[in-house]
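Encoded as structure tokens, the structure appears first; notes follow it.
The values are calculated or read from the model by the stated rules, or taken from the named source; none is laboratory data. Quick caveat, the model's predicted, so the values are computed rather than measured. In this analysis, Cβ positions are derived from the backbone assuming ideal geometry, glycine residues included, and neighbour counts consider all displayed protein chains. Heads up: the accessible areas ignore ligands, DNA and RNA and are worked out on the full protein's heavy atoms, side chains in. Shrake-Rupley method; radii C 1.70, N 1.55, O 1.52, S 1.80 Å.
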Amino acid sequence: MAARNKQDPAAFWRDYAAKLGEQVLAYALGQYLQGWDDFDTPLWGLLIATSGGFRFHHFPHESWLAAMSRTTLGGEAPQERCIFIPQERLITAELQEESSWWKKLFRAQSPRLVIRYRTAEGVERELMAETEKKAAALVQALGRNRSEP
């Protein structure tokens, strides 16, 4: 059986930064939940703080069963999807975690990344994603990088 193409994570991030022409400051795995007009469904991807702003990058994947069913019944393959919020439009970024140990015990919930930003039209919006605890570094990087309103 052929081995999967396994890329070194450091090489991946070097290539990603070179492709963007921006420095990658921090990243975390997360699931987009709401706050972007072109996205209507929860999607897993990378939450990325760059020198240019905030990015969410969804890399498409498909199980062999879904691929077979799509080719048999018709349909489109999953597409790569991205969100980009330039740093000049970032207002705040925070990681919301449950503080009550009682609630943590009975209703475990992943931390939520909440980003307030302005659209190109100047409308204030809020983007929300579930993420991991290591996203605190992402929030710090976005905080250092954002412009004040």
Whether any residue in the stretch 5-12 is modelled with pLDDT under 65 and not hydroxyl-bearing (Ser, Thr, Tyr) is what I want to check. yes
Among the residues listed as Gly21, Gly35, the single one being on the phi > 0 side of the Ramachandran plot and in contact (Cβ under 8 Å) with a residue 40 or more places away in the chain: Gly35
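So that you can scan it fast, the table gives a plain yes or no per residue for (1) in a strand (DSSP E or B); (2) exposed (fewer than 12 other Cβ atoms within 10 Å of the Cβ); (3) at negative phi; (4) modelled with pLDDT under 70:
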| position | (1), (2), (3), (4) |
| --- | --- |
| Leu65 | no, yes, yes, yes |
| Thr72 | no, yes, yes, yes |
| Phe84 | yes, no, yes, no |
| Glu94 | yes, no, yes, no |
| Lys104 | no, no, yes, yes |
| Ser110 | no, no, yes, no |
| Val114 | yes, no, yes, no |
| Arg125 | yes, no, yes, no |
Which of the residues that make up the stretch 34-63 are open to solvent by 50 Å² or more (accessible area, probe 1.4 Å) and part of a strand (DSSP E or B)? Gln34, Trp44
